[in-house]
1. Give just the number: which of (1) out of contact with any strand residue (DSSP E or B) (no Cβ under 9 Å at 6 or more places or on another chain); (2) surrounded by fewer than 17 Cβ atoms within 10 Å (Cβ to Cβ) does Pro128 not satisfy?
2. Please verify whether Arg77 is among the basic types (Lys, Arg) and either at pLDDT 95 or above or part of a strand (DSSP E or B) (or both), treating the condition exactly as stated.
3. Give the residues of segment 163-195 that are among the hydrophobic types (A, V, I, L, M, F, W, C), out of contact with any Asp or Glu (no Cβ under 8 Å at 6 or more places or on another chain) and surrounded by 11 or more Cβ atoms within 10 Å (Cβ to Cβ), sorted by residue number.
4. Have a look at Met140, Met104 and point out the one that is under 29 Å from Leu49 (Cα atoms), surrounded by 17 or more Cβ atoms within 10 Å (Cβ to Cβ) and free of Cβ contacts under 8 Å to residues at least 24 places away in the same chain.
5. Please state which of the following conditions Ser86 fails to meet, knowing it meets all the rest: (1) polar (S, T, N, Q); (2) outside any helix (DSSP H, G or I); (3) farther than 24 Å from Asn199 by Cβ.
6. Is segment 105-127 home to any residue that is outside any helix (DSSP H, G or I), under 30 Å from Asp176 (Cα atoms), touching a Ser or Thr at 6+ places or on another chain (Cβ under 9 Å) and not polar (S, T, N, Q)?
7. Please go through segment 71-87 and give me each residue that is crowded, with 18+ Cβ neighbours inside 10 Å and not small (Gly, Ala, Ser), ordered by number.
Amino acid sequence: MSENRARKGADGNVLAWPAPPDMAEEWRPPNRSQEVGASRVLQKGYELLAEFRIEGVLGQGGFGVTYEARDLLIAKRVAIKEYFPSEFAARDEQQAVHPKTPDMTALFEWGRDSFLQEARTLACFNHPNIVQVTTVFEAMGTAYLVLEYVEGKSLEAWLAALGRPPQQDELDRLTDGLLDALRTIHANGYIHRDIAPDNIIV
């Protein structure tokens, strides 16, 4: 079982973000189920830094869009997560991302910094059940996280296809890798706060 692997339908958040400074009481994270309109995502064929070509959208969440892409330098399929907080960001005709309004600038920039910190945190781990970071970069006003692309189905899909409650031995086989990954995360002083059936690959 792989945790937080880049895959179809994955939002991909690794560690839950803290509330922005001075906003802890009133701030709420964007709704992770909120869809990003087709006009707001990078279209198939778009190239980032003349190095990555977008092949399609894998998943959408409140804080970003995850794309299937092609690394043109090494001819390899990858997943790219773009920082795009749908509640307070917009994309212009040149595909650059910016705050929707001037008064959202501080929140947008705080989120971008948190996104980059999440990427750096994830890059610290080297575990077969934790998605591997290839690179991180900033472009077009936002930030991008390039991840290994892993085939598979979510735990949520596996449970739905099973059509019955799983047996204990089935769960034991599935959770060994997950728990080992969590032990690695905890041993490094982090807590994963976004564990969900749709965010785990089996």
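1. Against the list (1) out of contact with any strand residue (DSSP E or B) (no Cβ under 9 Å at 6 or more places or on another chain); (2) surrounded by fewer than 17 Cβ atoms within 10 Å (Cβ to Cβ), Pro128 comes up short only on (1).
2. Numbers: among the basic types (Lys, Arg): yes; either at pLDDT 95 or above or part of a strand (DSSP E or B) (or both): yes.
Answer is yes for this residue.
3. At the first step, the residues of segment 163-195 found to be among the hydrophobic types (A, V, I, L, M, F, W, C) are 171, 174, 178-179, 181-182, 185, 187, 191, 195.
Next, only the ones that are out of contact with any Asp or Glu (no Cβ under 8 Å at 6 or more places or on another chain) stay: 171, 174, 179, 185, 187, 191.
Across segment 163-195, the qualifying residues are Leu171, Leu174, Leu179, Ile185.
4. Working: Met140 fails: free of Cβ contacts under 8 Å to residues at least 24 places away in the same chain.
Selected residue: Met104, the only one of Met140, Met104 that is under 29 Å from Leu49 (Cα atoms), surrounded by 17 or more Cβ atoms within 10 Å (Cβ to Cβ) and free of Cβ contacts under 8 Å to residues at least 24 places away in the same chain.
5. So Ser86 meets the others, but not (3).
6. yes
7. Once the filter is applied, which keeps residues that are crowded, with 18+ Cβ neighbours inside 10 Å and not small (Gly, Ala, Ser), segment 71-87 yields Val78, Ile80, Lys81, Glu82, Tyr83, Phe84, Pro85.
The values are calculated or read from the model by the stated rules, or taken from the named source; none is laboratory data. Keep in mind the model is a prediction, meaning the values are calculated, not measured. Using ideal geometry, Cβ is built from the backbone for each residue, glycine included, and neighbour counts are taken over all protein chains shown.
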